[in-house]
Amino acid sequence: QVQLVESGGGLVQAGGSLRLSCAASGRTFSSYHMGWFRQAPGKEREFVTAISWSGGSIYYADSVKGRFTISRDNAKKMVYLQMNSLKSEDTAVYYCAAQLYNGLYYLPNYNYWGQGTQVTVSS
């Protein structure tokens with residue numbers, strides 16, 4: 001099992017940057033593929049980005065490509081989401097998630113979730 005705790009959310013102006021962190025516990029963290037998802041008010045939770053267990057494969061939603069960067073440090077059991085050029089439509093609760101399967105885009109494959117961290121982008 002793995003437990004996940006996100007941090008780093010907050011209020012930022014449009015065009016600004018934030019870095020989210022996800023701290024994991026559990027001895028097998030390095031085996032897990034990791035993803036970031038977000039959920040805006042009144043909307044379904046959506047895929048943002050994911051990174052494979054080795055870091056060798058990375059995927060981004062089209063809406064964040066070129067602005068967001070995912071990374072991981074298996075030795076520290078950490079996953080990061082660097083968010084640049086933020087837009088008001090990026091406002092959402094951001095969740096870190098972990099899974100052992102393929103299909104890194106696919107939300108139902110993720111069976112471990114953090115509690116979420118709020119990101120608010122003011123225009």
Candidates R38, R27, R19, ranked by Gaussian network fluctuation over the chain, Cα under 10 Å, top entry
R27
Qualifying aspartates and glutamates (Cα of each under 19 Å from Cα of K43; at least 8 residues distant if same chain):
D62, E89, D90
Rolling a 1.4 angstrom probe over the protein chains, ignoring ligands and nucleic acids, what is the accessible area of Y59 in square angstrom, nearest 10?
80
Could you do me a favour and compute the accessible area per residue for the chain, 1.4 Å probe, result in Å²?
51
Cα gyration tensor of the chain diagonalised, 5x eigenvalues square-rooted, in angstrom largest first, produces semi-axes 23, 14, 13
Per-pair calculated FRET efficiency, R0 = 25 Å: Q115 and K87 via Cβ, rounded to 0.05:
0.55
Highest GNM mean-square fluctuation among G56, G26, G66, for the chain with Cα springs under 10 Å, belongs to G56
For segment 86-123 and segment 2-70, what is the separation of their Cα centres, given in Å?
5
Just check segment 80-123 against the gyration tensor rule for me: Cα atoms, a ≥ b ≥ c as the square roots of the eigenvalues, rounded for a/c under 1.5, and otherwise prolate or oblate depending on whether a/b exceeds b/c.
prolate
Please report, as a whole percent, how much of the solvent-accessible surface of the chain comes from carbon and sulfur atoms (probe radius 1.4 Å).
48
SASA check, Y32, accessible area w/ 1.4 Å probe, all protein chains in place, rounded to nearest 10 Å², comes out at 10
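The values are calculated or read from the model by the stated rules, or taken from the named source; none is laboratory data. Keep in mind it's a predicted model, so treat the numbers as computed, not measured. Glycine also receives a Cβ, built like all others from the backbone with ideal geometry; neighbour counts cover every protein chain displayed. Side chains included, ligands, DNA and RNA excluded: accessible areas come from the protein's heavy atoms. Shrake-Rupley method; radii C 1.70, N 1.55, O 1.52, S 1.80 Å.
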